[in-house]
Every structure is written in C-alpha cells, then in structure tokens.
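Below is one structure, written out as structure tokens; comments come after it.
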Amino acid sequence: MIAPRYSLPVIGLLLVALIPTVIHNYLGLQAKDDAPVENIPTTLDNFVSKPSSRLAIWGKETFNCHDWMERMYTDETGQVIRLFVGKSFDHKRLYHHPELALSYGNNMVREGVQWLEGDQKIPVNVLRNNNKPGLAAYVLWYDGQFIENPIKHQIKDTLELLVSPKKPMTLFYVSDGYSQDKLPFQQTQSAGVLLKAIHKFVESAK
C-alpha cells in the first residue's frame, strides 16, 4: 500500500519510465536518414570498384544494417582494397569487434586508435595481420561526429537515446592483404581510400 502523499511522485516516475517504451517499442520512432551509403562513388582517386560477392541479406543478418554496401576497389597495379560501409540502429552490433565478421579467418592484432587529418580529426581503429602483410581499419560516425570510444559515447548519451528517436551509427571499414607493418597507417593506400570515402559520405549527408 502506497501512502497518499507518495502517489503523485510514483505516478510521475512511472510515466517517465513509459516514455522510452512508447517511443521505441510502440511508435518505433527513428530519425530521418537521407544519406544512403551508395552515395560513396564507385571510383576513389585511382581505385575503381566492383561489388563484393556477399548476398544482399548478409549485412542485415551480421550487423542488423538497414543500409550497407561492400566494394572491392582496385588500382591500375591490381592492388585491392575492400571497403564496407554499413548503417545500423543497433550500435553495438557495429562497434563490437567488427573485424570478426569482416576479416574472418585473419589473425588480427589491434594497433590502437590512430588519427587521420581532415576537416575534422578522424579516430581510426587500426588492426594488423599477425606475422604477415595486411591491415584492417574502421571508423564510427554518429549524428554528425566521429566516435573514438563508442561505449563511453553510449553511456554519455543514454538519457538522450531513451527519450528521442533512434539515430543510426555508420561503420566505415577498410582492409587489404598487402600493407607492410612497418608502414605507418596514415601513409597506406587503405588510409587514402578510407579518408576519401568518409569525405564523400559526409558531404552527401549535409
């Protein structure tokens, strides 16, 4: 039995708790998303691309992506860089070890966060193949900003995420099988393709 003097505060707390339930479970509100990943050009500098062989359902099953693409970019010497870009409202599916799905079968070792210079400084999570050439790198983009620490970001934005429509996170992921580990990431061809793809996507999102 609740004392009458506590009735109004309890009712207020229950109503507040219902807000995220109504927004996400009943109304299913999602922020408007006008920047499809296909806006990224099929040619980036001297790299020309073709789609990968993945089935159309793969991105949905793996990352719960509602919009995604994967292309193989090849230069005039035959060097190939794979670019995956996917958007999902399920943020954890994107940032929690994406290399396990996108570089499956490779023994990837984390090299840490490195930075690319652009209109904004871009935090890049870099991984290297263990004991052989090749690398992978990924960047997270959310609500007009680059995310360095996605877990800290989600904790910080918990209240906003509870009471506002869902917004998608975008994962940019590049990989190659030839970059030498002695070459700094910023000087690799993969870094150049990644930076160009991000710039083209961000421009289309404005």
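The values are calculated or read from the model by the stated rules, or taken from the named source; none is laboratory data. Please read these numbers as outputs of a predicted model, since none were measured by experiment. Methodologically, a virtual Cβ is constructed for each residue, glycine included, from the backbone with ideal geometry; neighbour enumeration extends over all protein chains shown. For the accessible areas, the whole protein counts, side chains as well, though only heavy atoms, and no ligand, DNA or RNA atoms are used. Shrake-Rupley method; radii C 1.70, N 1.55, O 1.52, S 1.80 Å.
Restricting the stretch 113-137 to residues that are open to solvent by 10 Å² or more (accessible area, probe 1.4 Å), of a type outside the set (A, V, I, L, M) and under 17 Å from the mean Cα position of the chain (by Cα), the residue that is modelled with the lowest pLDDT is Gln120.
Here is a yes/no grid of residues against (1) out of contact with any helix residue (DSSP H, G or I) (no Cβ under 9 Å at 6 or more places or on another chain); (2) under 24 Å from Lys206 (Cβ atoms):
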| residue | (1), (2) |
| --- | --- |
| Asn46 | yes, no |
| Ser49 | yes, yes |
| Glu61 | yes, no |
| Asp75 | no, no |
| Lys87 | no, yes |
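Just one of (1) part of a loop (DSSP other than H, G, I, E, B); (2) out of contact with any strand residue (DSSP E or B) (no Cβ under 9 Å at 6 or more places or on another chain) fails for Ser179. It is (2). Every condition in (1) assigned to a loop (DSSP other than H, G, I, E, B); (2) open to solvent by 80 Å² or more (accessible area, probe 1.4 Å) holds for Glu203 except the one numbered (1).
Among the residues of the stretch 36-72, those identified as over 19 Å from His96 (Cβ atoms) and part of a loop (DSSP other than H, G, I, E, B) are Pro36, Ile40, Pro41, Thr42, Asp45, Asn46, Ser52, Ser53, Arg54, Leu55, Ala56, Ile57.
Residue by residue, here is whether (1) without any contact (Cβ under 8 Å) to a residue 60 or more places away in the chain; (2) touching a Pro at 6+ places or on another chain (Cβ under 6 Å) holds:
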{"site": "Lys87", "(1), (2)": "no, yes"}
{"site": "Ser103", "(1), (2)": "no, no"}
{"site": "Glu111", "(1), (2)": "no, no"}
{"site": "Gln120", "(1), (2)": "yes, no"}
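I'd like the full set of residues that are aliphatic (A, V, I, L, M), open to solvent by less than 50 Å² (accessible area, probe 1.4 Å) and either outside any strand (DSSP E or B) or more than 30 Å from Lys166 (Cβ to Cβ) (or both), limited to the stretch 73-84. Hit for the stretch 73-84 is Ile81, nothing else.
Residues in the stretch 156-190 that are of a type outside the set (Phe, Trp, Tyr), within 13 Å of Arg128 (Cα to Cα) and open to solvent by less than 20 Å² (accessible area, probe 1.4 Å): 6 in all. What is the residue count in the stretch 90-112 for residues that are buried (at least 19 other Cβ atoms within 10 Å of the Cβ) and under 19 Å from Trp141 (Cβ atoms)? Of the residues in that region, 5 qualify. Scanning the stretch 138-176 for residues being at pLDDT below 90 and either in a strand (DSSP E or B) or closer than 19 Å to Lys87 by Cα (or both) gives a total of 12.
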